[in-house]
Amino acid sequence: MRVMAQIAMVMNLDKCIGCHTCSVTCKQTWTNRTGVEYAWFNNVETKPGVGYPRRYEDQEQWKGGWRLDRKGRLVLRSGGRVKRLLSLFSNPDLPALEDYYEPVTYDYDNLISAPAGPDMPVARPRSVLTGRPTEITWGANWEDGLGGAPEHAGGDPNLSGEWAEKVKFEFEQTFLFHLPRLCEHCLNPACVSACPSGAMYKRVEDGIVLVDQDRCRGWRMCVTACPYKKVYVNHATGKAEKCTFCFPRIEAGQPTVCSETCVGRLRYLGLLLYDADEVGEAAATPDEKDLLDAQRNVFLDPSDPEVIAAARAAGIPEDWLDAARRSPVYALVSKYKVALPLHPEYRTLPMVWYVPPLSPVLDAVTSAGGNQDDPDHVFAAVTRLRIPLEYLAELFTAGDADVVGGVLMKLTALRSYMRERTLGGDDAAEEEAALDAVGLTAGEAEDLHRLLAVAKYQDRYVVPAAHKEDAAALTAMENRCPVESSGEPASARKVMLGIPTLRRTSPEGHA
Ligand code: SF4
Ligand code: SF4
């Protein structure tokens with residue numbers, strides 16, 4: 001067992017109101033600069049919808065993430081080292097400007113310098129790239145609240161299969177929810193493995209994936225390899241930039257800016273301990289539907305004495321072990337199993353997980369003539385919710401609708417139980433039986449309810465500060481890497497050769 005620690009995030013999608021505060025505060029902090037106008041380290045998508053960049057989830061087109069070859073080995077979808085070297089100067093698998101959008105500014109000067117005339121002067125849009133007048137036809141948030149959905153949302157790559165007929169883009173028959181996205185700081189990051197320069201790397205101490213600006217040569221292999229399309233190229237510097245997980249704040253024990261400013265208070269940050277020796281095997285799990293369990297099995301119980309001993313031996317400090325035991329992320333991901341990873345089938349083992357949204361379940365009960373207080377009626381309604389289980393399954397469980405249904409039933413049972421308890425109903429025994437059916441005790445239900453509904457700042461963000469005094473020891477760990485560069489998958493048994501991809505942070509030059 002090789003214990004490592006990773007800072008990870010969970011988002012409770014039921015609470016996201018799509019206000020985009022997270023995107024704006026992130027942009028103000030990290031990408032309010034020339035060259036990255038189009039870069040949204042954090043963006044909030046409306047689902048169903050094609051996302052940003054357009055149809056980024058279509059890996060047949062973009063070749064992001066990993067696949068298994070005929071022998072069951074992990075290989076990058078974007079191809080092996082030779083193919084990638086051959087496409088250094090002509091890479092066809094990159095989203096183009098029209099898949100993002102043309103950054104614009106406005107002709108503000110016209111407002112004050114236009115000659116007097118019968119009409120109010122206007123500030124027309126101008127391309128930031130060419131300086132010429134342009135039309136605004138697309139943007140990172142073009143589909144907000146299903147805007148233009150009848151025209152565009154059918155292009156959502158998740159709408160495959162016969163069940164997609166259930167998804168209607170007609171007023172009164174449709175559904176939507178918001179999906180905030182950032183870099184997943186994956187355990188098996190395709191971007192790191194694809195980088196020919198060794199510029200992308202995963203930090204030993206907390207798993208944050210960064211770009212060394214001094215090493216980046218602008219080959220853009222990371223953009224192709226990232227299945228979430230969360231690496232952007234700065235068109236002014238020609239170098240890759242991505243979400244930094246606000247590492248200067250994390251090192252100071254503070255939450256990321258997107259978390260700190262989240263209006264819905266739906267983000268959770270905490271440590272997960274994991275067994276780095278198991279990462280490669282988990283990512284190579286043959287059946288995509290087993291990837292969720294495989295990734296959960298990589299995570300370690302921070303209260304297990306054996307894990308604690310191994311973590312101490314690996315040099316993880318005591319306050320980090322304490323933080324791992326109090327981690328809300330561990331509770332939601334592993335203890336209560338209500339959080340799910342985004343597109344586990346990409347095999348990068350993402351580390352930003354989501355509590356799936358529960359559409360108005362009680363409405364579904366009454367509209368079907370059921371009794372809101374009868375758990376059987378409520379559970380049955382989960383399968384008829386406005387947001388089809390199959391759609392959520394495409395996003396979070398590689399198509400396994402039963403797993404998503406199980407999580408929603410757990411959330412439904414929890415809601416029902418707390419409602420009964422708070423309103424002083426007389427069906428406590430029946431509600432406890434419903435809890436039992438989804439594997440929760442009354443005490444666990446209270447704990448989960450506190451975490452999901454009323455958790456305070458210090459419960460949502462359990463971020464231990466960095467230990468600068470351990471910098472030398474961490475540098476020595478550079479060669480103990482769960483991921484490798486140049487297209488080689490994570491492997492517990494391989495010794496990393498060549499360019500280090502998992503290493504200690506140097507003080508400057510990251511993006
Ligand atoms: S989500 Fe982040 S860590 Fe994962 S492959 Fe993309 S850029 Fe790399
Ligand atoms: S700030 Fe929070 S509630 Fe608002 S869009 Fe972002 S994640 Fe959703």
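Here is how the numbers come out for the structure above:
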{"item": "Fewest-first ranking of H185, H449, using other Cβ atoms within 10 Å as the exposure measure", "result": "H449, H185"}
{"item": "Tail weight of P(r) past 17 Å, computed on alpha-carbon pairs of region 1-84, percent", "result": "70 percent"}
{"item": "Residue exposure sequence - M221, M11 - by fewest surrounding Cβ within 10 Å", "result": "M11, M221"}
{"item": "Chymotrypsin sites (Phe, Trp or Tyr not before Pro) restricted to region 124-190 and DSSP loop, no more than 10 other C-beta within 10 Å", "result": "F171"}
{"item": "Sparsely packed chymotrypsin sites (Phe, Trp or Tyr not before Pro) within region 182-286, loop by DSSP, other Cβ within 10 Å at most 12", "result": "none"}
{"item": "At 0.692 mPa s and 37 °C, Stokes D of region 201-292 from Kirkwood alpha-carbon radius, µm² per second", "result": "206 µm²/s"}
{"item": "For region 264-460, size of Cβ-based charge dipole, Lys and Arg +1, Asp and Glu -1, in debye", "result": "920 debye"}
{"item": "Mean Cα-pair separation over length for region 51-138, i.e. relative contact order, pairs under 8 Å, 6 or more apart, %", "result": "22 percent"}
{"item": "Shape of region 236-334, Cα gyration tensor, a/c cut at 1.5", "result": "oblate"}
{"item": "Using θ = phi - 60° and Karplus 6.51 cos²θ - 1.76 cosθ + 1.60, couplings along region 155-169 (whole Hz; Gly, Pro as x)", "result": "x, 4, x, 6, 8, 10, x, 5, 4, 4, 4, 5, 8, 9, 9"}
{"item": "Residue exposure sequence - V307, V10 - by fewest surrounding Cβ within 10 Å", "result": "V307, V10"}
{"item": "Cut-off under 5 Å, modelled amide H: who pairs with M200 long-range", "result": "D212"}
{"item": "L340 long-range amide H proximity, modeled H, under 5 Å", "result": "Y354, V355"}
{"item": "A123 paired with E469, simple spin-label distance in nm, labels 7 Å along Cα-to-beta-carbon", "result": "5.3 nm"}
{"item": "Unit charges on C-beta of K, R, D, E only; dipole of the chain, Debye", "result": "2140 debye"}
{"item": "Cα-Cα P(r), region 264-460, percent of pairs per 10 Å interval", "result": "9, 31, 35, 20, 6, 1"}
{"item": "MRE, 222 nm, helices only [DSSP H, n ≥ 4, -39500 (n - 2.57), over the chain, to nearest 500]", "result": "-7500 deg cm²/dmol"}
{"item": "Neighbour cut-off at most 15 other Cβ (10 Å), DSSP loop, chymotrypsin sites (Phe, Trp or Tyr not before Pro), region 86-123", "result": "F89, Y108"}
{"item": "Contact order normalised by residue count of region 1-120, Cα under 8 Å, 6+ apart, percent", "result": "18 percent"}
{"item": "Convex hull (Cα only) mean projected area of the chain, reported in nm² to one decimal", "result": "27.1 nm²"}
{"item": "Within the chain, longest stretch free of exposed GluC sites (Glu not before Pro) [DSSP loop, at most 14 other beta carbons within 10 Å]", "result": "173-507"}
{"item": "Distance violations [Cα-Cα > 26 Å] among K63/K202; K202/K468; K242/K468; K27/K239; K71/K242", "result": "K71/K242"}
{"item": "Too-long pairs where the Cα-Cα distance tops 18 Å, listed order kept, from K15/K47; K335/K410; K337/K456", "result": "K337/K456"}
{"item": "Relative contact order, percent, the chain [alpha-carbon distance under 8 Å, six or more residues apart]", "result": "23 percent"}
{"item": "For R77, distant residues with modelled amide H under 5 Å away", "result": "G65, W66, R67"}
{"item": "Whole-number D in µm²/s for region 148-201 (Stokes-Einstein; Kirkwood sum over Cα pairs; 20 °C, 1.002 mPa s)", "result": "146 µm²/s"}
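Here, each number is a calculation from the coordinates, and none is a lab measurement. Here the structure is a predicted model, which is why all the values come from computation and not from measurement. Cβ: placed from backbone, ideal geometry, glycine included. Neighbour counts: every protein chain shown.
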